[in-house]
Amino acid sequence: MDEMRLGRTGMMVSKLGFGGIPIMRVPEDEAVAVVQKCLDLGITFLDTANAYTTSEASIGKAVKGKREKLVVATKSASRSREGLERHLSMSLDRLGLDYIDLYQFHRVDDFKSLEIVLDRKGPMAVLEEAKRTRVIRHIGVTSHQIDVAEEAVKSDCFETLMFPFNFITCEAADRLLPLCRKHDVGFIAMKPLAGGALENVIIAFKYLFQFADVLPIPGIEKPHEIEQIVKVLQGSRDMTDAERTEMQRLKDELGSRFCRRCDYCQPCTQEIPISTVMVITSVIRRMPPELVFTGIFADAVEKAANCTECGDCEERCPYRLPIREMLREQVQFFQVAKQKYDRSMGT
Ligand code: SF4
Ligand code: SF4
């Protein structure tokens with residue numbers, strides 16, 4: 001498989017990586033088998049997170065004996081020194097590794113979080129010490145908010161940036177990629193299929209593979225999914241005229257109903273985490289039900305019930321999304337899925 005250099009980490013990684021969210025949904029033997037399939041196909045970059053329940057342990061089992069050739073990345077959303085220390089030690093334990101190649105600050109989506117992670121006396125101190133002692137090799141950051149991501153890159157404190165990038169959420173192409181190149185920060189593309197909204201794998205990956213220094217990390221649950229993407233990588237990556245036309249059609253169709261999670265619609269007077277509610281359909285498809293129907297997603301749906309329909313958020317959304325209508329749809333989808341889940345659990 002083709003390789004690329006991951007920014008100033010200097011690490012060479014396969015041109016396609018593995019995203020560790022969907023393996024949470026399957027039994028461990030299937031999860032391990034799908035990771036092994038990816039390794040057999042030549043993938044050398046594996047991404048997971050402390051928050052992805054069983055994902056780290058499954059990846060750990062799959063990489064046993066092959067670790068030297070691989071780049072293993074994980075992340076923590078903790079914003080305290082103690083929390084980060086605990087997560088790092090937990091990640092090492094679950095992965096069964098004595099070092100992690102790339103450790104990332106997870107979901108740095110607002111300036112307050114960025115300030116906390118940049119504070120040399122805060123959680124950054126834990127990662128810098130871990131880097132000094134070679135427990136981790138590189139420090140990265142993940143974000144969904146482009147203004148925050150820009151500042152993170154400019155700080156020169158991170159060696160990689162993970163950000164959503166696909167032909168619909170394509171703002172990174174103009175605003176982040178040139179900046180990452182200037183600062184030699186490796187760019188990792190999360191959500192290459194827009195969280196499941198893009199079903200045309202060929203077009204989605206032909207779009208991304210045109211960027212030589214972008215590392216897409218699709219979330220993979222089944223072996224055929226990765227086989228399909230590898231085929232795109234190994235075939236002609238040029239888009240045909242018909243594919244270009246179809247890409248434009250999809251952009252027109254989905255673009256007006258697709259939340260980029262930029263949070264420009266905030267603040268909501270009812271404190272509704274709009275962008276979290278907007279991804280409910282996608283997370284229900286990708287995450288284990290026990291994570292979706294409790295915690296932040298369930299809380300977000302509960303808050304969405306307080307929407308006064310004032311419409312202020314729609315004025316602020318740069319994509320002019322019909323937020324009120326979309327929130328109602330997402331809440332309804334959540335409720336139907338939850339009822340089904342409760343019935344299956346006999347509750
Ligand atoms: S319409 Fe609803 S979600 Fe939007 S700002 Fe008003 S209360 Fe918040
Ligand atoms: S609703 Fe609009 S402004 Fe709010 S996060 Fe989504 S795309 Fe951004």
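Taken residue by residue, region 43-56 has no member that is over 23 Å from P192 (Cα atoms) and in contact with a Lys or Arg (Cβ under 8 Å, 6 or more places away or on another chain).
The set of residues from region 107-124 being of a type outside the set (V, I, T), open to solvent by 20 Å² or more (accessible area, probe 1.4 Å) and either under 24 Å from G20 (Cβ atoms) or not in a loop (DSSP other than H, G, I, E, B) (or both) comprises R107, D109, F111, K112, E115, L118.
Yes or no: D98 more than 21 Å from the chain's Cα centre (by Cα), in a loop (DSSP other than H, G, I, E, B) and over 21 Å from S113 (Cβ atoms)?
Here the answer is yes, as D98 does meet what is asked.
Filtered by the rule that a residue be at pLDDT below 95, of a type outside the set (A, V, I, L, M, F, W, C) and not in a loop (DSSP other than H, G, I, E, B), region 125-169 gives D147, P164.
For residues that are part of a loop (DSSP other than H, G, I, E, B) and either in contact with a Phe, Trp or Tyr (Cβ under 8 Å, 6 or more places away or on another chain) or within 14 Å of ligand 1 (Cβ to nearest atom) (or both), tally how many sit in region 315-347. Give the steps one after another, and end with the answer.
As a first pass, look at region 315-347 and keep what is part of a loop (DSSP other than H, G, I, E, B): 317-322, 345-347.
With the extra rule that they be either in contact with a Phe, Trp or Tyr (Cβ under 8 Å, 6 or more places away or on another chain) or within 14 Å of ligand 1 (Cβ to nearest atom) (or both), the set shrinks to 317-322.
So the count comes out to 6.
Taking first residues from region 176-187 that are over 13 Å from M162 (Cβ atoms) and open to solvent by 50 Å² or more (accessible area, probe 1.4 Å) and partners that are basic (K, R) and not in a strand (DSSP E or B), the Cβ contacts under 6 Å between residues at least 6 apart in sequence or on separate chains come to D184/R8.
In the set (1) modelled with pLDDT under 95; (2) out of contact with any Pro (no Cβ under 9 Å at 6 or more places or on another chain), the condition left unmet by T308 is number (1). Put simply, of E82, E56 the only residue that is surrounded by fewer than 19 Cβ atoms within 10 Å (Cβ to Cβ), part of a helix (DSSP H, G or I) and of a type outside the set (K, R) is E82. G295: outside the structural domain of T142 (by TED's automatic domain parsing) and more than 16 Å from ligand 2 (Cβ to nearest atom), yes or no? Taking the combined requirement at face value, the residue satisfies it.
Here is the figure for region 268-287: residues that are more than 11 Å from ligand 2 (Cβ to nearest atom) and modelled with pLDDT of 90 or more total 4. Among the candidates L161, L179, the residue that is closer than 13 Å to G7 by Cβ and under 19 Å from the mean Cα position of the chain (by Cα) is uniquely L161.
Tell me, yes or no, whether region 237-252 has at least one residue that is surrounded by fewer than 20 Cβ atoms within 10 Å (Cβ to Cβ), within 16 Å of ligand 2 (Cβ to nearest atom) and of a type outside the set (D, E). Within region 237-252 (the criterion being surrounded by fewer than 20 Cβ atoms within 10 Å (Cβ to Cβ), within 16 Å of ligand 2 (Cβ to nearest atom) and of a type outside the set (D, E)), the answer is yes, since at least one residue qualifies.
In region 317-341, what count of residues is obtained for those that are open to solvent by 40 Å² or more (accessible area, probe 1.4 Å) and either within 24 Å of the chain's Cα centre (by Cα) or touching a residue at least 40 places away in the same chain (Cβ under 8 Å) (or both)? Lay out the reasoning, then the answer.
Step one: filter region 317-341 for residues open to solvent by 40 Å² or more (accessible area, probe 1.4 Å), giving 318-320, 324-325, 328-329, 332-333, 335-336, 338-341.
If we keep only those that are either within 24 Å of the chain's Cα centre (by Cα) or touching a residue at least 40 places away in the same chain (Cβ under 8 Å) (or both) as well, we get 318-320, 329, 333, 338, 341.
Counting residues in region 317-341 that are open to solvent by 40 Å² or more (accessible area, probe 1.4 Å) and either within 24 Å of the chain's Cα centre (by Cα) or touching a residue at least 40 places away in the same chain (Cβ under 8 Å) (or both) gives 7.
The residue of region 298-316 that is least open to solvent (accessible area, probe 1.4 Å), among those that are over 10 Å from C268 (Cα atoms), of a type outside the set (K, R) and within 12 Å of ligand 2 (Cβ to nearest atom), is E314.
The values are calculated or read from the model by the stated rules, or taken from the named source; none is laboratory data. The shown structure was predicted, so the numbers you read here are calculated from the model rather than taken from an experiment. All Cβ positions, glycine included, derive from the backbone under ideal geometry; neighbour counts span all protein chains shown. Accessible surface is based on the protein model in full, side chains and every heavy atom, while ligands, DNA and RNA are left aside. Shrake-Rupley method; radii C 1.70, N 1.55, O 1.52, S 1.80 Å.
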